[in-house]
1. In vacuum, with every alpha carbon of the range 96-182 counted as one equal point scatterer, what does the Debye formula give for log10 I(q)/I(0) at q = 0.22 Å⁻¹? Two decimals, please.
2. What's the carbon and sulfur percent of the range 57-145's accessible surface, probe 1.4 angstrom, rounded to a whole number?
3. Residue by residue through the range 100-114, which ³J(HN,Hα) values in whole Hz follow from phi under the Karplus form 6.51 cos²θ - 1.76 cosθ + 1.60 (θ = phi - 60°), with glycine and proline marked x?
4. Step through the residues of the range 117-128 one at a time and calculate ³J(HN,Hα) from phi using the Karplus curve (6.51 cos²θ - 1.76 cosθ + 1.60, θ = phi - 60°), rounding each to whole Hz and writing x for Gly and Pro.
5. Please list 161-171, 87-97 highest first by mean number of surrounding beta-carbon atoms within 10 Å per residue.
6. Using θ = phi - 60° and the Karplus curve 6.51 cos²θ - 1.76 cosθ + 1.60, what whole-Hz ³J(HN,Hα) does each residue of the range 134-143 get, with Gly and Pro shown as x?
7. Would you kindly state how much longer the chain becomes between residue 184 and residue 78 on full extension, computed as 0.36 nm times their sequence separation minus their alpha carbon distance, in nm to one decimal?
8. For residue 155 paired with residue 194, estimate the spin-label separation in nm (one decimal), with each label point 7 Å from Cα along the Cα-to-Cβ line.
Amino acid sequence: LSNNHSFNKHGRKAVRSRRRTQSHILLIGDPGTGKSQFLRFAAALSPRSVLTTGTGSSTAGLTCAAVRDTSSSGSKGNEFSLEAGALALADRGVCCIDEFGCMSKEDRSSIHEAMEQQTISVAKAGIIAKLNARATVVAVMNPHGGIYDDTQSVQQNSRLGSALLSRFDLIFKMIDQSQAERDKNIARFLLQQSIIPGSGYDRPMEIRRL
């Protein structure tokens, strides 16, 4: 639990602000540009990381859940305990969220406090607590409509809302530029690996052709 209060020389309670030291990163771009691979590499490089996806995550899965405790003798199922979610488990590490755009608006709103204040306030089943969530959030998503529109802003392409978008310190656009010759060379290279025996990395194509 974290305590953000201190007492001054007059004995009065003073609020102590917390400075956020972790940066949050958002990758948004066209499908097939390797966003999920960047996410998995980030999770593998960090000593402490949690990898989750927006399609299978809920508010309780991202923050914490109150679970009925039936293991204690004499509890009769009336006691609850807290189970940490992805952001709490990734404390002092990296929380990687794939398919960030597939999350519901309510689930995305639940991580506002964790991304800005780096804490998770809990008031469930008679339990009032505050958990640390000092984690870097790395989120990837496809733009609204499937293809990134350069004529529109990042907010219009992501449809995340200014409150959540402002919490990301770094936003990278990954655009799949249509180049017929380059796409032909990449397709030929991939087909050579899968069809012709021994032609994959035994006979690499020149980098400048890709």
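1. -1.16
2. 47
3. With the stated coefficients, the range 100-114 comes to 5, x, 7, 6, 6, 4, 5, 5, 5, 5, 6, 9, 4, 5, 5 Hz.
4. 8, 6, 9, 10, 8, 10, 9, 9, 6, x, 10, 10
5. 87-97, 161-171
6. 7, 10, 7, 9, 10, 10, 10, 7, 8, x
7. Value of the extension gain: 31.8 nm.
8. Label-label distance for residue 155 and residue 194, simple model: 4.1 nm.
The values are calculated or read from the model by the stated rules, or taken from the named source; none is laboratory data. All values reported here derive from a predicted model rather than from experimental measurement. Counting neighbours? That spans all protein chains shown, and the Cβs are built from the backbone with ideal geometry, glycine included. Just so you know, the surface numbers come from the protein's heavy atoms only, side chains and all, with ligands and any DNA or RNA stripped out. Shrake-Rupley method; radii C 1.70, N 1.55, O 1.52, S 1.80 Å.
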